[in-house]
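The values are calculated or read from the model by the stated rules, or taken from the named source; none is laboratory data. Note that the structure is a prediction, hence the values are computed from the model and not measured. Glycine gets a Cβ as well: all are built from the backbone with ideal geometry, and neighbour counts include every protein chain shown.
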Amino acid sequence: MSATDVLMVAAEGGAIGDGRTGAVLALCVGLAGVALGWLALARVAGRIRTGNARTGAMAAMAVGLTGTALAALHLATSSGGPGTGNGMVGAVVAIPLGFTAVALGRQALARSRRTEWTAEDCEDARELGSAP
C-alpha cells in the first residue's frame with residue numbers, strides 16, 4: 001500500500017466505519033488541543049501547580065495543528081456536500097477548533113515567557129540591590 005493510499009484511508013475514516021469517522025477523529029483531536037491549551041493557561045496563571053506550562057502550550061499547538069490538518073484532509077477527500085453523511089460539517093467545525101487550540105497554546109506560551117522574564121528581572125534587581 002502506497003503512502004497516498006494510506007492517507008486516503010485515514011482521511012476517509014479508516015478501513016472500518018462510515019464517512020464521518022475522519023471528521024469525528026479531527027473533532028476529538030481539536031477538542032483535546034483546546035483542553036490542553038486551557039490547562040496550560042491555568043498553569044501559567046498559577047491555578048494549577050503541577051506540570052509545565054510551556055510543555056502544555058507546545059502540546060496544545062501541536063495537537064491543534066494536527067486536528068486542523070486531519071479536518072482539511074477529510075474535507076479535501078470527501079465527496080458530496082453537507083448533509084450527505086460524509087462528515088463535511090464536522091470537518092468544517094474541526095478546523096476552527098484546531099485553530100482555537102493553537103491560539104490558546106500560543107497565548108499560554110507568550111504568558112509563560114513573560115512571567116519567566118519578569119521573575120529573572122526581579123532576581124537580577126535583587127542581586128544588584130536596587131529592589132526592596
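Given (1) surrounded by fewer than 17 Cβ atoms within 10 Å (Cβ to Cβ); (2) within 19 Å of Ile95 (Cβ to Cβ), where does Arg47 come up short, assuming only one miss? In the conditions (1) surrounded by fewer than 17 Cβ atoms within 10 Å (Cβ to Cβ); (2) within 19 Å of Ile95 (Cβ to Cβ), Arg47 misses (2) alone.
Condition check ((1) modelled with pLDDT under 85; (2) of a type in the set (Gly, Ala, Ser)) across all residues:
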residue	(1), (2)
Ala59	no, yes
Thr68	no, no
Ala72	no, yes
Gly80	yes, yes
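Taken over segment 44-64, the criterion of being more than 14 Å from Arg111 (Cα to Cα) and of a type in the set (A, V, I, L, M) is satisfied by Ile48, Ala59, Ala60, Met61, Ala62, Val63. Would you confirm, using the coordinates I've provided, whether Leu41 is surrounded by 20 or more Cβ atoms within 10 Å (Cβ to Cβ) and aliphatic (A, V, I, L, M)? It is true that Leu41 is surrounded by 20 or more Cβ atoms within 10 Å (Cβ to Cβ) and aliphatic (A, V, I, L, M).
Inspection of segment 52-66 identifies at least one residue that is over 27 Å from Asp5 (Cα atoms) and not in a helix (DSSP H, G or I). Any chance segment 64-72 includes a residue that's touching a residue at least 40 places away in the same chain (Cβ under 8 Å), surrounded by fewer than 23 Cβ atoms within 10 Å (Cβ to Cβ) and not β-branched (Val, Ile, Thr)? There is no residue in segment 64-72 that is touching a residue at least 40 places away in the same chain (Cβ under 8 Å), surrounded by fewer than 23 Cβ atoms within 10 Å (Cβ to Cβ) and not β-branched (Val, Ile, Thr).
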